Every structure is written in C-alpha cells, then in structure tokens.
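Below is one structure; the comments refer to it alone.
The values are calculated or read from the model by the stated rules, or taken from the named source; none is laboratory data. Being a predicted model, the structure only gives us computed values, none of them experimental. Cβ: placed from backbone, ideal geometry, glycine included. Neighbour counts: every protein chain shown. With ligands, DNA and RNA removed, areas are computed over all heavy atoms of the protein, side chains included. Shrake-Rupley method; radii C 1.70, N 1.55, O 1.52, S 1.80 Å.
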Amino acid sequence: MILESLLNYVVILVSSITISALILSNNIMKIILLNSVFSTLAVIMYLILDAPDVAITEGCVGVLSSIFSIFTLNKIYKNDFKIADKFNPTLFMIIMTITLLLLFTTQGLPEFGQTKPDNYYLNNSYNEIGITSIVTSILASYRGYDTMLETLVIMLGSLAVLLIKPQIKLFSIPIKDLIAEKFVSFIFALLLLFAFYLQFHGEISPGGGFQAGTIIAASFILYGIVFGNHNLIKFVSLPKLIVLSVAGIGIYLITGLISILRGKSLLNYNILSNNSLIGQSIGINAVEIGIGISVAASMLIIYLSLSDESST
Amino acid sequence: MNHLLNINYSFSILLFGLGLYIVLASQDLIKKLIGLSIFQTSVLWFYINIAKVSNAFPPIINKNQLSLLYTNPLPHVLMLTAIVVGVTTLALGFSLIIEIKKEQDE
C-alpha cells in the first residue's frame with residue numbers, strides 16, 4: 001500500500017515533467033516521442049488505480065497512435081523537425097484561471113477512494129452471466145448496443161481515411177537489414193499468439209476483442225514496415241481488408257438477430273442455448289470475435305493509407 | 001474545504017487545462033492534435049479516479065470468495081470505448097492534416 005501511494009506520486013511527478021517538456025518543445029519529433037512516454041505513464045497510472053482492462057487497452061492503442069503519428073511526420077516534415085512555436089503567456093494565464101475555478105468544483109466530490117459501489121453489476125453479474133470478468137460482461141452483454149455501434153464507428157473511421165485519399169499506390173520502402181528481417185520473422189508468430197490469447201481470455205481476465213485486434217494489426221504493421229507494403233499486400237490486400245472490417249460487424253449483428261428469430265429482443269444471449277449461462281458464453285465469444293476481426297482490419301486500412309510513399 | 005486539493009483529482013484537471021492550452025496556442029497542426037489526445041486522456045484519468053475504492057480489488061471475480069470489495073467497473077467500460085474512438089479520431093485527423101499540407105504546398 002505504501003509502495004502504491006509512493007508510485008502514485010512518482011508517476012504524477014514524471015508525467016507533469018513530461019507534459020511541461022511537451023508544451024515548451026520546438027521539435028516535432030520530440031513532441032511525438034514525449035506523447036508516447038506519457039501514454040506509457042498513463043498505463044502505469046491505470047494499474048495503480050486498479051483498472052487492468054483500461055490499462056491494457058491504453059497500452060495496445062498507444063502503440064498504434066505513435067505509429068500513425070510517426071508516419072504522418074514522415075510525410076510532412078522530410079528532414080527538418082523544427083516548428084515555429086512560441087509560448088503564449090496571456091493565453092496560459094486565462095486557461096490556468098479557468099482550471100483553478102474547475103479545481104474548486106472537486107470540493108463537491110466524495111473523498112478519493114471512499115465511494116461505495118453497490119451497483120447492480122457487481123452483485124448480479126456472476127449469477128446471471130457466469131463469467132468472472134465484470135468489465136467484459138458489461139461491455140459485451142449488458143451494454144452490447146454501445147459496443148456494436150462503437151465498432152461501427154471504428155469501421156467508418158477507416159473508411160473515411162480511405163475516402164480522403166482514394167488513390168493509394170501501396171508502395172513503401174522496405175528496411176534492408178538482416179537483423180530486422182530475422183527478428184520480425186521470429187516475433188510475428190509470437191505476437192499473433194499473444195493476440196489470440198488476449199482474444200479468447202477476454203472472459204476471465206483483462207482482454208477482449210479490441211486489444212486483440214490492435215495487436216494483430218500491430219504485428220502485420222511490423223511486417224509491412226520491415227519487408228515493404230508490396231509484400232504485405234500478398235497476404236492482406238485492400239479489398240479483403242474492407243470486406244473483413246464490415247464482416248466483423250456483420251458477425252455481431254447476426255448474433256443479435258438470431259435472438260430476434262427466436263422471439264426475443266435484439267442481442268439477448270440467454271436463448272442461444274437451453275442453459276442461459278452457456279448461451280451468454282456463446283454470445284459473448286461470438287461477439288468478441290467479430291469485434292477483433294473488425295478492429296484489426298480497420299487499423300490495417302488506416303496504416304496502409306498513411307504509409308503510402310507514392311509522390312502524388 | 002477538507003479534501004480540496006487531492007492530488008489525483010487536481011492532476012487530472014491540470015492536464016485538462018494543459019491539453020486545452022496546447023490545442024489553442026500551438027501553431028502547428030500535429031501539435032494541436034497531440035494536445036487533443038492529451039485532453040482526452042485527462043478526462044479518462046478523471047473517470048478512473050472516481051471509480052477507485054481504497055483497499056479494493058480490480059473488478060475480476062475470485063470464485064472462491066464471492067463477497068469482496070471491488071472497484072466500480074462501470075467507468076472502466078465507458079472509458080474503454082473512449083480510448084478506441086480517440087485513436088480513430090486521431091488517425092482521421094492525421095490524414096486530413098496530410099491533405100491540408102498537400103494543398104498548401106501546391
């Protein structure tokens with residue numbers, strides 16, 4: 001307990017130093033790297049605050065956000081990373097005043113750590129759904145509508161990235177390094193194994209479709225960076241990825257529609273089997289597979305669009 | 001005014017202000033987007049701080065002891081959605097920046 005509260009203070013101190021360096025910096029590469037450092041510190045903070053699901057999602061997604069930032073940087077700033085940025089004191093004072101006023105509103109909050117959660121999910125989730133991870137049971141079963149539409153948002157985001165730039169030549173310069181090639185050949189299978197572990201252990205530990213989808217995408221992105229996009233296309237071409245990202249949502253929707261065909265409301269997993277607990281497990285697993293496929297395909301579409309090195 | 005300056009709440013609101021400052025004051029487009037992602041992270045920190053219960057376990061049920069004290073799982077679920085939608089927004093913003101810079105250079 002003492003170690004946790006000490007680590008709490010240390011993480012807050014280091015992240016305040018990081019953010020201050022980020023504000024005052026003039027070098028865009030430094031800013032992007034400090035952002036990924038801050039994302040790692042946020043992962044540690046979520047672990048201190050007993051939120052393992054949020055921590056693993058932030059870790060997986062922080063990887064992708066750093067990759068996308070660096071590819072954008074590569075396209076805009078070729079070799080010169082200096083930006084024209086000055087510190088603006090008057091605006092800083094105005095925003096700090098607003099922040100101080102907002103700080104006074106924390107007076108109305110209950111004391112830190114003393115809330116008493118007595119909600120429905122904690123008491124009834126294990127009896128009604130039967131899986132040990134409460135967060136997955138809320139995400140995939142109790143609030144299944146939200147998750148379906150969220151996956152739809154991710155798919156639409158990837159389609160919008162494609163629509164902004166319709167002419168994708170899918171050409172990128174591979175890294176010609178023997179060590180990199182041997183390493184990626186070795187680590188690619190291990191990354192996919194870890195992604196499948198996260199996917200199918202979403203019921204009993206932190207994990208699930210989103211995290212697994214991002215790690216599958218990250219392993220293919222690593223392959224594409226080292227061996228070149230023209231080699232990546234031989235496995236995952238762009239039309240296949242678009243079909244896959246829609247098919248993931250299709251799997252989600254079909255699982256919900258089966259319960260309409262049996263006379264109940266949408267996404268009611270209880271009647272997918274005779275035993276309602278087994279039905280919930282079938283429903284949650286099917287839905288998580290759909291989410292994983294859709295998120296992986298969407299992130300790969302965004303990578304292919306951002307890493308395109310053609311000069312048009 | 002007994003718990004006015006709890007450090008966790010104060011830091012998440014300070015991050016809110018700093019992220020807002022980066023979005024408003026920076027003249028470079030990539031830096032603005034990174035400020036926006038810091039802004040989103042500050043909101044997540046605030047919600048996860050609310051959910052924390054002292055001396056409690058993470059919300060994964062231990063089958064042997066069914067009546068332990070767990071942290072509140074509902075804000076965790078809401079923030080999962082927010083993280084993933086945040087990276088999608090960031091990616092879309094980056095591709096728009098590339099198109100803007102291309103138009104400016106021509």
- [ ] Working carefully through the options B:Ile7, B:Ile48, find the one that is closer than 24 Å to A:Ile2 by Cα, at pLDDT below 90 and of a type outside the set (S, T, N, Q).
- [x] B:Ile7
Open item on the list: Where the second residue is among the hydroxyl-bearing types (Ser, Thr, Tyr) and in a helix (DSSP H, G or I) and the first is within 21 Å of A:Pro174 (Cα to Cα) and open to solvent by less than 80 Å² (accessible area, probe 1.4 Å) and lies in region A:184-197, which pairs have Cβ atoms under 7 Å and are six or more apart or on separate chains?
Closed with: A:Val184/A:Tyr223; A:Phe188/A:Ser219; A:Phe188/A:Tyr223; A:Leu191/A:Ser219
Open item on the list: Is it the case, given these coordinates, that A:Phe87 is assigned to a helix (DSSP H, G or I) and either modelled with pLDDT under 95 or open to solvent by 10 Å² or more (accessible area, probe 1.4 Å) (or both)?
Closed with: no
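Assess whether B:Ala51 counts as being of a type in the set (Gly, Ala, Ser), over 21 Å from A:Leu33 (Cβ atoms), facing chain A (nearest Cβ under 8 Å) and touching a Pro at 6+ places or on another chain (Cβ under 8 Å). Show your work before the answer.
Numbers: of a type in the set (Gly, Ala, Ser): yes; over 21 Å from A:Leu33 (Cβ atoms): yes; facing chain A (nearest Cβ under 8 Å): yes; touching a Pro at 6+ places or on another chain (Cβ under 8 Å): yes.
Yes, satisfied.
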Task: Matching residues, region A:232-261, being open to solvent by 40 Å² or more (accessible area, probe 1.4 Å) and not hydrophobic (A, V, I, L, M, F, W, C) - done: A:Lys234, A:Pro239, A:Lys240
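Quick check: anything in region A:33-46 of a type outside the set (Ser, Thr, Tyr) and over 30 Å from A:Ile216 (Cβ atoms)? Walk me through it before giving the result.
Our first condition is that a residue be of a type outside the set (Ser, Thr, Tyr); within region A:33-46, this holds for A:33-35, A:37-38, A:41-45.
Narrowing further to those that are over 30 Å from A:Ile216 (Cβ atoms): none.
No, region A:33-46 contains no residue that is of a type outside the set (Ser, Thr, Tyr) and over 30 Å from A:Ile216 (Cβ atoms).
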Open item on the list: Condition first: under 22 Å from B:Thr81 (Cβ atoms), at the interface with chain B (Cβ under 7 Å from one of its Cβ atoms) and either in contact (Cβ under 8 Å) with a residue 24 or more places away in the chain or of a type in the set (Val, Ile, Thr) (or both). Now tell me which residues in region A:92-144 satisfy that.
Closed with: A:Thr115, A:Thr132, A:Ser133, A:Ile134, A:Val135, A:Ile138, A:Leu139
- [ ] Look through region B:24-65, keep the residues that are without any contact (Cβ under 8 Å) to a residue 12 or more places away in the chain and more than 24 Å from A:Asn88 (Cα to Cα), and return whichever of them is least open to solvent (accessible area, probe 1.4 Å).
- [x] B:Ile61
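Considering only region A:117-158, state which residues are of a type in the set (Val, Ile, Thr) and either touching a strand residue (DSSP E or B) at 6+ places or on another chain (Cβ under 7 Å) or assigned to a helix (DSSP H, G or I) (or both). Lay out the reasoning, then the answer.
Pass one, region A:117-158, residues of a type in the set (Val, Ile, Thr): A:129, A:131-132, A:134-136, A:138, A:147, A:151, A:153-154.
If the condition is that a residue be of a type in the set (Val, Ile, Thr) and either touching a strand residue (DSSP E or B) at 6+ places or on another chain (Cβ under 7 Å) or assigned to a helix (DSSP H, G or I) (or both), then A:Thr132, A:Ile134, A:Val135, A:Thr136, A:Ile138, A:Thr147, A:Thr151, A:Val153, A:Ile154 are the ones that fit.
Say whether the condition of being small (Gly, Ala, Ser) and either in a helix (DSSP H, G or I) or within 14 Å of chain B (Cβ to nearest Cβ) (or both) is met by at least one residue in region A:166-178. Working first, answer last.
The first filter runs over region A:166-178 and keeps only residues small (Gly, Ala, Ser), leaving A:172.
Subsequent filtering for residues that are either in a helix (DSSP H, G or I) or within 14 Å of chain B (Cβ to nearest Cβ) (or both) retains none.
No: zero hits.
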